[in-house]
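Encoded as structure tokens, the structure appears first; notes follow it.
The values are calculated or read from the model by the stated rules, or taken from the named source; none is laboratory data. The model shown is predicted, which means the values in this text are computed figures rather than measured ones. Here the Cβ is made from the backbone with ideal geometry for all residues, glycine too, and neighbour counts use every protein chain on show. Ligands, DNA and RNA are stripped out before the accessible areas are found, and what is left, the full protein with its side chains, is counted by its heavy atoms. Shrake-Rupley method; radii C 1.70, N 1.55, O 1.52, S 1.80 Å.
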Amino acid sequence: MVLGMSMTSFAAGTTATINLSGDTLTKDTVIKYLQIVEPDTTSTLGWKFSSDEIANVFTTNFGGTKDEALQKVINLGADNHAATGTINASSELGAALSALTATNNANITTTTDGVPNAITNLNKAGLYLVTANATGYSYLPMLAYIKDEGLGKLADASLTVKGSKNKVTKVIDDDSAESVSEGDEIDYTVTAEYPYYSADAEKKTFTATDKLTNATFKENSLEIKVAGVNTALAPTTDYTVNEYKNSNKLEIAFKYNPNYAGKTVTIKYTAIVGSGEGNVKNEIKSNFDTDGDSVTSAKVNVTVEKLANEPNDKKLSGAEFTLYEYSEEAKDGYTKVESASVITGTTAETKPIWVKKVGNPQSTTTEGTTTFVGLDAQKKYCVQETNAPAGYKIQKDYHVLTGAKKTSPTTSKVYKFNNFDKVTLTNDNLSALPSTGGIGTTIFTIA
């Protein structure tokens with residue numbers, strides 16, 4: 001983590017306040033503090049550690065005598081107002097603060113919304129360790145300096161609480177990808193906050209792992225940006241990534257850069273939808289958010305039924321149907337059909353349409369049905385009988401698919417749709433044998 005400390009001195013009374021601010025402060029954030037260095041008129045340094053236990057922590061991390069460790073802390077803290085850059089560079093100070101436990105939770109004031117905004121009624125000058133804790137966030141141990149301005153007056157301090165959300169969030173970029181079919185491309189965006197690490201941390205790890213179900217990653221589609229940085233992060237230099245082309249797993253390991261701490265990281269990439277049934281699910285996790293986030297795009301089906309007119313509702317096998325993407329205007333890759341007989345629900349009309357074949361034709365089973373799977377509920381389709389069972393007429397109408405409506409709640413990222421309504425073809429008459437004008441079988445019956 002990056003040790004953050006900011007102090008602005010101004011006139012105060014006999015007690016002082018540490019004012020708190022920060023985007024990650026919430027009503028659930030617990031603030032605690034501990035004074036670690038305080039005035040000592042008997043010391044040539046003018047300061048002392050507030051307890052032997054605290055002194056031992058600093059001598060362990062800084063080395064040398066107690067006074068030598070104290071002088072180093074003063075140099076980093078009081079004397080130069082603990083400049084952020086200086087604190088960042090001190091792994092010893094980071095380790096010492098991480099090893100201490102802040103226990104005092106008195107005198108914490110909050111806003112009307114319950115968000116902590118100050119530590120009040122501090123009656124001693126010196127250095128204070130301040131810690132923050134809340135579920136779903138990672139915070140730094142922080143250092144604040146209360147200055148003695150003389151004549152019993154203490155100066156207030158302002159402290160920016162440094163923390164990052166542990167949560168990663170995933171969305172699809174285009175709501176037209178809430179339902180998909182084979183070969184479709186889904187553009188995803190993942191956002192997370194670049195984590196804070198103290199300078200003393202041995203392993204500054206930030207990883208993200210993305211897993212697809214029923215889809216694969218598109219080659220060279222990955223782009224990672226950090227808020228406030230004009231150019232995209234560079235592979236090898238800023239992060240490493242596995243060979244993700246045609247794979248269902250994407251693994252990103254960031255090379256930690258403290259300058260990005262607390263900033264929003266945006267990860268973009270594209271997935272290519274696979275064939276067959278099964279919704280497309282995309283799950284993202286990080287080493288800070290093992291629950292992660294996910295989004296699921298839906299696939300739907302349509303069942304086509306073939307019945308004979310005579311005898312009534314006889315189920316016919318062997319009827320071949322072809323599925324098409326359907327349009328009422330010219331589109332690239334589509335074939336125009338002049339004067340097509342089009343049936344939509346109960347409405348029949350003749351008009352020009354444009355169609356593009358989807359997959360292979362399918363034939364009805366002994367149950368008189370066949371089902372086309374893995375369709376996009378947000379696309380327009382039509383189905384046509386392209387080969388009739390032996391002894392039956394072919395019906396060449398184009399039946400437009402209907403009924404695939406979105407059913408998932410507005411707030412859900414697991415998108416759900418109804419299947420397309422069943423298409424039933426009836427009124428197919430049995431083929432009649434041709435009449436030749438002969439006497440037929442009458443003579444044989446008489447005989």
Going through Glu277, Glu283 one at a time, which residue ends up being open to solvent by 50 Å² or more (accessible area, probe 1.4 Å), under 30 Å from Lys211 (Cα atoms), of a type outside the set (Lys, Arg) and modelled with pLDDT of 95 or more?
Glu283
From the residues in segment 287-297 that are in contact (Cβ under 8 Å) with a residue 12 or more places away in the chain, more than 18 Å from Asn248 (Cβ to Cβ) and of a type outside the set (Phe, Trp, Tyr), which one is most open to solvent (accessible area, probe 1.4 Å)?
Asn287
Sole residue being outside any loop (DSSP other than H, G, I, E, B), open to solvent by less than 40 Å² (accessible area, probe 1.4 Å) and within 15 Å of Thr322 (Cα to Cα), chosen from Val383, Val373
Val383
Failed condition for Ser363, given (1) in contact (Cβ under 8 Å) with a residue 60 or more places away in the chain; (2) of a type in the set (Ser, Thr, Tyr); (3) touching a Gly at 6+ places or on another chain (Cβ under 6 Å), with all others met?
(1)
Among the residues of segment 177-215, write down those that are within 17 Å of the chain's Cα centre (by Cα) and hydroxyl-bearing (Ser, Thr, Tyr).
Tyr188, Thr189, Thr191, Tyr194, Thr207, Thr209, Thr213
Quick check on segment 98-118: of everything there that is surrounded by 12 or more Cβ atoms within 10 Å (Cβ to Cβ) and aliphatic (A, V, I, L, M), which residue is farthest from Phe62 (Cα to Cα)?
Val115
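Leu129: over 30 Å from Asp293 (Cα atoms) and under 38 Å from the mean Cα position of the chain (by Cα), yes or no?
For Leu129, the condition - over 30 Å from Asp293 (Cα atoms) and under 38 Å from the mean Cα position of the chain (by Cα) - is met.
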Suppose we filter Ser164, Ser158 for residues that are outside any loop (DSSP other than H, G, I, E, B), touching a residue at least 24 places away in the same chain (Cβ under 8 Å), buried (at least 22 other Cβ atoms within 10 Å of the Cβ) and in contact with a Ser or Thr (Cβ under 6 Å, 6 or more places away or on another chain); which single one remains?
Ser164
Looking only at segment 70-80, decide whether some residue is in a loop (DSSP other than H, G, I, E, B), open to solvent by 40 Å² or more (accessible area, probe 1.4 Å), of a type in the set (D, E, K, R) and modelled with pLDDT under 85.
yes
